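The values are calculated or read from the model by the stated rules, or taken from the named source; none is laboratory data. All figures in this text were calculated on a predicted structure; none of them were measured in a lab. Note: ideal-geometry Cβ built from the backbone for every residue, glycine included; neighbour counts use all protein chains shown. In case anyone asks, the SASA skips ligands and DNA or RNA and just uses the protein heavy atoms, side chains included. Shrake-Rupley method; radii C 1.70, N 1.55, O 1.52, S 1.80 Å.
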Amino acid sequence: MTGVKLSNIRKSYARNEVLHGIDLEIELGEFVVFVGPSGCGKSTLLRMIAGLESISDGEMYIEGALVNHIPASMRGTAMVFQTYALYPHMTVYDNMAFAMRIAKESKEVIDEKVHQAAELLQLTEYLGRLPKALSGGQRQRVAIGRAIVRSPKVFLFDEPLSNLDAALRVQTRIEIANLKENMPGTTMIYVTHDQVEAMTLADRIVVLSAGKVEQFGSPLELYTNPANLFVARFIGSPAMNILPVVLEQSGPHSLIRFTSGKTLSVPVASELMEEGAELQLGIRSEDLLLSDKLNALLSGEVQFVESLGEMTLIHVKCKESDSIIVAKLVGIIELHKGQTVHLSLMADKVHLFNTEGHSLRYLDQQSCDAGQQAEQPDLVTDNV
Amino acid sequence: MVTVTKPLSSTDSPYQSRGLLSTLRRSPLTLLTHLSVIVIVVMWTLPTAGLLISSLRDKEQLAVSGWWTSLSPSTQRLMVRSVPPDAQLEEGGRYVLRGKVSDDQALQVLAFGWSSREPAAYAVGDVAQMRKGQTLSISSNGEYELSSPEPFSGARGKRLFYTAKIPPRFGLDNYREVLTTGGIGQSFINSLTVTIPATVIPILIAAFAAYALSWMAMPGRGLLIALIVGLLVVPLQMSLIPLLRMYNQIGSTFGVDAKSYLGIWLAHTGFGLPLAIYLLRNYIANLPKEIIESARVDGANDFEIFTRIILPLSFPALASFAIFQFLWVWNDLLVATVFLGTGEQQMVLTARLREMLGSYGGNWEVLTASAFVSMAVPLLVFFSLQRYLVRGLLSGSVK
């Protein structure tokens, strides 16, 4: 059963379309994170699920029921806002009890649930306080508690940690992770622009850009097999290095030629590509290695060194690329600015992107999956 | 160590004086602010204090000297008639009339006379020689003695003029008089009857309207707001007569009197609503959006959001409008003149004051006391609600 299903969801303000047909199927009890740069529409999408924004086009289902025209108050969602949005004139207890009082629950039930949630979030001793007498972390916990007590179908978080300082952020992130384990049946959707939050919390991540879903998959899947250049650059820090290359020979293994003339055979299928096509090579900084001049694929001058102890980041201006290449080397490496370094790369970690920015490896896998699914067409229609 | 600390301490004082100078130099604006605050406070407090003190003074003292002299004894020229000739005694061949010019123990006579042309011709202790061998003496405590070789005749006592120093006297007599006899008491109740509903009704309507105009999407909302802002500038005087005619026509079909409290409530509500909606909408529209959305996600409908979230949070705005509207209605004379009658049961305080200015124009004690009665309620309302004007109720809701 799906927790939340979006089919071709669109959102326009006046004539300005900001979401261009979003299709998502979020499983029941799944923790899904929406990430993307600011302005990509991730918060808008979350607010549409909450019912705070109208749906311009498309259909939205929560636990199988169409909710397009169901108002926010009837959707059974709970939302934690970035600014906490506590009711300033009510005590912590009243804040948490508010929704249940609106729903006309009995006093005993309210009391029990509020105390349960307060215990879970270590808020019991603050129940009588007003929000203004709480610290930022405590306020955010009250906001979470207010959502928990409603036992919602879908739990929505809108950048809940961005108003907290670094230490509190880590702590609250762990609390949210615990919460996820305590509420296995509740679908959770979390919006953030922080990769670390996304990678550590999510079962699956939705990467959004300019109102479109770029990729939807588990955190490691996004990291190891990005669907396109955008995801490749967005996920991971430092960002993936991109170099222009030419396809020398296509096939199950592709032979590529760097601008320096050196060639490399990589285990990426490129059967459908024409030889001589221009490609972009993507390689993560930790997949670059120091090498000698003879075996090197890339060489250039060190521009900047970041020594972090357990690793050293070197920024290299290479002849093979317009942009700076960043290599993440394990341990402490004695290098300084202006020095020439030679780098090689792990061929099996290389990603190739075509001129539209799509990953060849990802496309290859998709066509394999499509082939498998095509053999069982009945099952697909049953699911819908 | 000692040599180090000594020069330091000697340089301390120039630093301090420079600090003081720089505060003075840095803040001519602050100085100006403080000065103007002082001027405003004096301008407001002084007349009020004068009014209060005057209203508490004895009416005779009030008539002869200003309120700023009220704490020092006043010197008054007074006239009194002696005891009538029936009470005369014969002592050693002369006829004597004895008495006291006043019962006031604290009174101190300074001078006296027997003719209205020279009321202070003799100092205390002198013996005034009057016509026909009569003599008069008044001691400083006010005891007088008139003596005459012939028996006193006539029915009334002699006129005695004296100048006396009278200690200040304060009391609530003026208030007692005003509240019991002047009709101020009834007018006070009438004013309250007008003011309280004329304050509560517009606030109720305006709060609902302000919520709808800020948080409920509807077609033509912007136009409606513009219309309300436009109504702010409609002059009251222009609309009074058409309004009264309309009210009377509609009232006559329902059998309502032309001049009634209902009419003035509606009129004040109408005149107060544009400002009320405008003020409250500005406040309510600026409440954090997340709080309202949060309540909506929590399952509250618009009415519940309004009563449980908006109303408590807008209390400062409601209170400040309540002060405005209360003061305006309480001090209003024009609308009351048009919409209410002049009978005892309908005359409001302002109308009563105007009427008293005509009939008691010279009686300062009545005017000051009744003016202060009419001021008391607005002052009370202001001081009891003003803390809501400054209280930051929103602190802590959002970061």
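What about A:Leu329, is it modelled with pLDDT under 85 and among the aliphatic types (A, V, I, L, M)?
Details: modelled with pLDDT under 85: no; among the aliphatic types (A, V, I, L, M): yes.
Considered against the rule, which asks whether it is modelled with pLDDT under 85 and among the aliphatic types (A, V, I, L, M), A:Leu329 comes out as no.
Considering only residues that are at the interface with another protein chain (Cβ under 8 Å from one of its Cβ atoms), open to solvent by 20 Å² or more (accessible area, probe 1.4 Å) and of a type in the set (Ser, Thr, Tyr), which ones fall in the range A:75-102?
A:Thr83
Taking only the range A:117-142 into account, find how many residues are at the interface with chain B (Cβ under 8 Å from one of its Cβ atoms) and either over 25 Å from A:Tyr190 (Cβ atoms) or of a type in the set (A, V, I, L, M) (or both).
Within the range A:117-142, residues that are at the interface with chain B (Cβ under 8 Å from one of its Cβ atoms) and either over 25 Å from A:Tyr190 (Cβ atoms) or of a type in the set (A, V, I, L, M) (or both) number 4.
Do you know which of the residues in the range A:247-276 that are surrounded by 16 or more Cβ atoms within 10 Å (Cβ to Cβ) and β-branched (Val, Ile, Thr) is farthest from A:Leu294 (Cα to Cα)?
Selected residue: A:Val268.
Are there any strands (runs of 3 or more DSSP E) wholly within the range A:171-256 with 1 or more residues that are touching a strand residue (DSSP E or B) at 6+ places or on another chain (Cβ under 7 Å) and under 30 Å from A:Gly276 (Cα atoms), and if so which?
Working: elements: A:187-191, A:204-209, A:212-217, A:241-249.
Correct list: A:212-217, A:241-249.
Can you name every residue in the range B:342-369 that is of a type outside the set (A, V, I, L, M, F, W, C) and under 18 Å from B:Asp257 (Cβ atoms)? I'd like the intermediate steps shown before the answer.
Keep residues of the range B:342-369 that are of a type outside the set (A, V, I, L, M, F, W, C), which gives B:342-346, B:350, B:352, B:354-355, B:358-363, B:365, B:368.
Once the filter is applied, which keeps residues that are of a type outside the set (A, V, I, L, M, F, W, C) and under 18 Å from B:Asp257 (Cβ atoms), the range B:342-369 yields B:Thr342, B:Gly343, B:Glu344, B:Gln345, B:Gln346.
Suppose we filter the range A:148-190 for residues that are away from chain B (no Cβ under 14 Å), among the aliphatic types (A, V, I, L, M) and farther than 19 Å from A:Leu86 by Cα; how many remain?
So the count comes out to 8.
Looking only at the range A:68-95, which residues are within 25 Å of A:Val33 (Cβ to Cβ) and touching a helix residue (DSSP H, G or I) at 6+ places or on another chain (Cβ under 9 Å)? Let's see the steps before the verdict.
We begin by selecting, within the range A:68-95, every residue within 25 Å of A:Val33 (Cβ to Cβ); these are A:68, A:70, A:72, A:75-86.
Within the range A:68-95, A:Ala72, A:Arg75, A:Thr77, A:Ala78, A:Met79, A:Val80, A:Phe81, A:Gln82, A:Thr83, A:Tyr84, A:Ala85, A:Leu86 qualify.
State which residue is least open to solvent (accessible area, probe 1.4 Å) when the search covers only the range B:329-363 and only residues that are within 15 Å of the chain's Cα centre (by Cα) and among the polar types (S, T, N, Q).
So, considering only residues that are within 15 Å of the chain's Cα centre (by Cα) and among the polar types (S, T, N, Q), the one least open to solvent (accessible area, probe 1.4 Å) is B:Thr350.
Give B:Ser116, B:Ser72, B:Ser102 a once-over and let me know the one that is in a loop (DSSP other than H, G, I, E, B), of a type in the set (Ser, Thr, Tyr) and more than 30 Å from B:Pro151 (Cβ to Cβ). It would help to see each step written out before you state the result.
Details: B:Ser116 fails: more than 30 Å from B:Pro151 (Cβ to Cβ); B:Ser102 fails: more than 30 Å from B:Pro151 (Cβ to Cβ).
The unique qualifying residue is B:Ser72.
Consider B:Ile323 carefully, then state whether it is within 14 Å of chain A (Cβ to nearest Cβ), in contact (Cβ under 8 Å) with a residue 12 or more places away in the chain and of a type in the set (A, V, I, L, M, F, W, C). First the steps, then the outcome.
Numbers: within 14 Å of chain A (Cβ to nearest Cβ): no; in contact (Cβ under 8 Å) with a residue 12 or more places away in the chain: yes; of a type in the set (A, V, I, L, M, F, W, C): yes.
It is false that B:Ile323 is within 14 Å of chain A (Cβ to nearest Cβ), in contact (Cβ under 8 Å) with a residue 12 or more places away in the chain and of a type in the set (A, V, I, L, M, F, W, C).
Among the candidates A:Ala78, A:Ala72, which residue alone is touching a strand residue (DSSP E or B) at 6+ places or on another chain (Cβ under 7 Å) and under 22 Å from B:Ile291 (Cβ atoms)? So that I can check it myself, show each step before the final result.
Numbers: A:Ala72 fails: touching a strand residue (DSSP E or B) at 6+ places or on another chain (Cβ under 7 Å).
From the options A:Ala78, A:Ala72, the qualifying one is A:Ala78.
Go through the range B:295-320 and count every residue that is crowded, with 21+ Cβ neighbours inside 10 Å and at the interface with chain A (Cβ under 9 Å from one of its Cβ atoms).
Here the count works out to 8.
Among the numbered conditions (1) away from chain B (no Cβ under 13 Å); (2) aliphatic (A, V, I, L, M); (3) touching a helix residue (DSSP H, G or I) at 6+ places or on another chain (Cβ under 9 Å), tell me where A:Ala65 comes up short.
Failed condition: (3).
Could you say whether any residue in the range A:48-55 is open to solvent by 40 Å² or more (accessible area, probe 1.4 Å), over 22 Å from the mean Cα position of the chain (by Cα) and within 11 Å of chain B (Cβ to nearest Cβ)?
Residues of the range A:48-55 that are open to solvent by 40 Å² or more (accessible area, probe 1.4 Å), as a first pass: A:54.
Filter once more, keeping what is over 22 Å from the mean Cα position of the chain (by Cα): A:54.
Adding the requirement that they be within 11 Å of chain B (Cβ to nearest Cβ) leaves A:54.
Within the range A:48-55, one or more residues are open to solvent by 40 Å² or more (accessible area, probe 1.4 Å), over 22 Å from the mean Cα position of the chain (by Cα) and within 11 Å of chain B (Cβ to nearest Cβ).
Hey, among B:Arg221, B:Arg159, B:Arg245, which residue is over 30 Å from B:Trp68 (Cβ atoms), touching a residue at least 40 places away in the same chain (Cβ under 8 Å) and among the basic types (Lys, Arg)?
Details: B:Arg221 fails: touching a residue at least 40 places away in the same chain (Cβ under 8 Å); B:Arg245 fails: touching a residue at least 40 places away in the same chain (Cβ under 8 Å).
Only one candidate passes the filter, namely B:Arg159.
So in the range A:278-323, with the set limited to residues that are exposed (fewer than 14 other Cβ atoms within 10 Å of the Cβ), in contact (Cβ under 8 Å) with a residue 40 or more places away in the chain and not acidic (Asp, Glu), which one is nearest to A:Val246 (Cα to Cα)?
A:Lys319
Residues B:Pro242, B:Pro274, B:Pro288: which one is at negative phi, away from every other protein chain (no Cβ under 14 Å) and buried (at least 16 other Cβ atoms within 10 Å of the Cβ)?
On the way: B:Pro242 fails: buried (at least 16 other Cβ atoms within 10 Å of the Cβ); B:Pro288 fails: away from every other protein chain (no Cβ under 14 Å).
Matching residue, one of B:Pro242, B:Pro274, B:Pro288: B:Pro274.
Name the pairs whose Cβ atoms lie under 7 Å apart, with the first residue in the range B:328-344 and in the same structural domain as B:Leu192 (by TED's automatic domain parsing), the second open to solvent by 10 Å² or more (accessible area, probe 1.4 Å) and basic (Lys, Arg), and 6 or more positions between them or separate chains?
B:Leu333/B:Arg354; B:Phe339/B:Lys259; B:Leu340/B:Lys259; B:Gly341/B:Lys259
Condition check: under 20 Å from A:Val114 (Cα atoms), crowded, with 18+ Cβ neighbours inside 10 Å and free of Cβ contacts under 8 Å to residues at least 60 places away in the same chain. Does A:Leu156 satisfy that? Talk me through it step by step, then tell me what you get.
Values: under 20 Å from A:Val114 (Cα atoms): yes; crowded, with 18+ Cβ neighbours inside 10 Å: yes; free of Cβ contacts under 8 Å to residues at least 60 places away in the same chain: no.
No; evaluated as a whole, the condition is false for this residue.
Scan the range B:178-190 and give yes if some residue there is assigned by TED's automatic domain parsing to the domain that holds B:Lys289 and within 21 Å of B:Phe271 (Cβ to Cβ), otherwise no.
Taking every residue of the range B:178-190 in turn, at least one turns out to be assigned by TED's automatic domain parsing to the domain that holds B:Lys289 and within 21 Å of B:Phe271 (Cβ to Cβ).
Applying the selection to the range B:62-77, what residues are among the hydrophobic types (A, V, I, L, M, F, W, C) and crowded, with 17+ Cβ neighbours inside 10 Å? Even if it seems obvious, please write down each step before you answer.
Initial filter on the range B:62-77 (among the hydrophobic types (A, V, I, L, M, F, W, C)): B:62-64, B:67-68, B:71.
If the condition is that a residue be among the hydrophobic types (A, V, I, L, M, F, W, C) and crowded, with 17+ Cβ neighbours inside 10 Å, then B:Leu62, B:Trp67 are the ones that fit.
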